[in-house]
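One structure is given below, encoded as structure tokens.
The values are calculated or read from the model by the stated rules, or taken from the named source; none is laboratory data. Remember, it's a predicted structure, so these values are computed and weren't measured experimentally. Note that each Cβ is placed from the backbone with ideal geometry, even for glycine, and that neighbours are counted across all protein chains shown.
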Amino acid sequence: MSDARQFVAEEDYRAAIREYMKATTAFDAAEKGSRAAAVKARIDSLQFAALDPGNYQIASTKLSTINSEVVNDPSVAQDAAEEALLRFNLALAKGWEMSAGSRRAKAEVFKNQSESIKAQVAVKNLYAEAKAVWDAAAVAQAAGRHEDSAPLFDEAEGRFMVVYEIAATKKVAAEAAMREAAEKAAESSAILEQGDAILAGE
């Protein structure tokens, strides 16, 4: 920028414009590079790098290019910044997509287990609440809003776990009560038969 001011002072306006353009390009490269670095940091914190290693590696290389070229060749740095930002965003989106799919699969295990023991009947309200969260997650996933769907699938998994445990406990208790009733019925029947036999003997 100081060079541009010098050219203005010397009334070399073409050179001044070139310097202003160069400074603007360098600023744009630095700004986009900063955004790209922020996305990279988020990918790292979520441990998504391994889910899209191609884009992540290329973007990381471009990020290094920004730092080395922003002063010498701002246009090269700007191109690198734009590509780094694009590829890091693609890697982040891919990470959320795969994470949502994995979390859905985990939640679905407990959903299916709950339905296999008729939890929708045994604990109707709790099941309905869990199913509502599941449906919201599925809608978000279908719309491509994977970042929104992932935590909803986590919540659905937790809810279906509770639903399954309560329904399973009720099922065990009901089966035990039925066995006890059957045993008592069999015992009563045997007593009646013995009584009939005694009466018949008389």
Go over the candidates 155, 108 one by one and state the one that is within 30 Å of residue 39 (Cα to Cα) and out of contact with any Gly (no Cβ under 8 Å at 6 or more places or on another chain). 155
Looking at region 110-130, which of its residues are touching a helix residue (DSSP H, G or I) at 6+ places or on another chain (Cβ under 8 Å) and under 14 Å from residue 161 (Cβ atoms)? 110, 111, 113, 114, 117, 119, 123, 126, 127, 129, 130
Within region 139-161, the count of residues that are of a type in the set (Val, Ile, Thr) and crowded, with 16+ Cβ neighbours inside 10 Å comes to 0
Regarding region 126-134, can at least one residue be identified that is within 30 Å of residue 42 (Cβ to Cβ), among the basic types (Lys, Arg) and not in a loop (DSSP other than H, G, I, E, B)? no
Sort through 101, 144 and tell me the only one that's at pLDDT 95 or above, closer than 27 Å to residue 89 by Cα and not in a helix (DSSP H, G or I). 144
Within region 39-82, which residues are over 23 Å from residue 20 (Cβ atoms), crowded, with 17+ Cβ neighbours inside 10 Å and of a type in the set (Asp, Glu)? 52
Of everything in region 92-122, what is within 16 Å of residue 136 (Cα to Cα), of a type in the set (A, V, I, L, M) and surrounded by fewer than 22 Cβ atoms within 10 Å (Cβ to Cβ)? Give them in sequence order. 105
